[in-house]
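Input: a single structure, listed below in structure tokens.
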Amino acid sequence: MKLDTKDLVSMGDLSAREIRDVLAFGIQLKNKRRMKRLLGGKTLGMIFSKSSTRTRVSFEVGMYELGGHAIFLSQNDIQLGRGETIEDTARVLSRYVDGIMIRTFAHADAVSLAKHAAVPVINGLTDDEHPCQILADLMTIFEAKGTLDVKIAFAGDGNNVAASLAIACQTLGIHLTIASPKGYEVVKAVRDRTPSIRYVNDPREAVRGADVVYTDVWTSMGQEQEQRRRRAALKKYQINEVLTNLCANNFMFLHCLPAHRGEEVTDAIIDGPHSRVFDQAENRLHAQKAVMVGLMRR
């Protein structure tokens, strides 16, 4: 599989065909875990300004299973932490590695890295978007439902996950409703580019009849000082048994993890029969392997 785009910085970098190709190839790779010929001898540089369990382990294991190697680079390990520009870092790393993954705060840093790097750049998460997560989510839905012709509801903070989900559903023509309180909506730039997505304030309106219900933490990394205010604003968006009684009978629950149990979701839901959160977490590995092959196997 080969992707037409050089980089995956935004969910909007992928066409509908490319998204479906990634999902199909990710499922193939899941069924045959170790295909070392695909990226044999290739190296992925992994820049982390934000720590992560799933992102680091999935990319590192993924490169190993594809026959390549991954290098973990925290800001303390490279000169970014001492003032070197993102542009110079991109130019230097391009001389050493075959691809770069970045997990950071400012989306502009990922954009600049991709602009100045001669090798593919993958967004492992920024404050604006989380495309790799959404590819894993769509893969999980397709595996469970056998189709992407589903009704999805996202309830909670209109964060990076919600933004990338909106862009993907707009691209694929998937029915999505996002419910957030005023002041916590998906950013206007994304709302403007996703006219087919419904944005509402009432979580009950969003989840009514939904086949898939999705939420995320209310307070993301870097927002800790806002935690009390966010809890108050988002408390009625908790995914619980009362709210999910409005969903389709066979609904599935998704959460990108880590979860703050008792805040955005109750134990009864995340540990219940409708939850697919650990399948979803596993699929980060397989979807990202497909992306790396599509970008790095030139």
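Here are a few things to note about the model shown:
- Test set (1) in contact with a His (Cβ under 7 Å, 6 or more places away or on another chain); (2) over 19 Å from residue 165 (Cβ atoms) - residue 235 fails condition number: (1)
- When the range 91-107 is limited to residues that are under 18 Å from the mean Cα position of the chain (by Cα) and outside any strand (DSSP E or B), the one that is modelled with the highest pLDDT turns out to be 107.
- Yes/no for residue 254 being out of contact with any Gly (no Cβ under 8 Å at 6 or more places or on another chain) and in contact (Cβ under 8 Å) with a residue 60 or more places away in the chain: yes
- Within the option set 205, 241, being surrounded by fewer than 17 Cβ atoms within 10 Å (Cβ to Cβ), in contact (Cβ under 8 Å) with a residue 12 or more places away in the chain, in contact with a helix residue (DSSP H, G or I) (Cβ under 6 Å, 6 or more places away or on another chain) and farther than 20 Å from residue 279 by Cβ holds for one residue only, 241.
- Conditions (1) within 22 Å of residue 139 (Cα to Cα); (2) part of a loop (DSSP other than H, G, I, E, B); number of the one not met by residue 40: (1)
- Count of residues meeting criterion [among the small types (Gly, Ala, Ser), more than 20 Å from residue 15 (Cβ to Cβ), assigned to a helix (DSSP H, G or I) and not assigned by TED's automatic domain parsing to the domain that holds residue 171] in the range 111-151: 1
- Cβ-Cβ distances below 8 Å connect the following pairs, each with a first residue in the range 100-125 that is of a type in the set (Phe, Trp, Tyr), a second residue that is part of a loop (DSSP other than H, G, I, E, B) and crowded, with 23+ Cβ neighbours inside 10 Å, and a separation of six or more residues or different chains: 105/126.
- Among (1) within 23 Å of the chain's Cα centre (by Cα); (2) surrounded by fewer than 17 Cβ atoms within 10 Å (Cβ to Cβ); (3) closer than 15 Å to residue 159 by Cα, the one test that residue 182 misses: (1)
- Boolean, residue 80 is in contact with a Phe, Trp or Tyr (Cβ under 8 Å, 6 or more places away or on another chain) and surrounded by fewer than 22 Cβ atoms within 10 Å (Cβ to Cβ): no
- Leading residue by the ranking (surrounded by the most Cβ atoms within 10 Å (Cβ to Cβ)) among those in the range 208-238 that are in contact with an Asp or Glu (Cβ under 8 Å, 6 or more places away or on another chain), touching a residue at least 60 places away in the same chain (Cβ under 8 Å) and closer than 17 Å to residue 270 by Cα: 215
- When each of 82, 37, 91, 20 is tested for being within 14 Å of residue 288 (Cα to Cα) and not assigned by TED's automatic domain parsing to the domain that holds residue 137, the lone residue that passes is 20.
- The range 51-72, residues that are over 20 Å from residue 136 (Cα atoms) and among the charged types (D, E, K, R): none
- The set of residues from the range 1-26 being in a helix (DSSP H, G or I) and either crowded, with 16+ Cβ neighbours inside 10 Å or of a type in the set (Lys, Arg) (or both) comprises 11, 12, 13, 17, 18, 19, 20, 21, 22, 23, 25, 26.
The values are calculated or read from the model by the stated rules, or taken from the named source; none is laboratory data. The structure displayed is predicted, hence computed values, not measured ones. Heads up, the Cβs are rebuilt from the backbone with ideal geometry, glycines too, and the neighbour counts pull from every protein chain shown.
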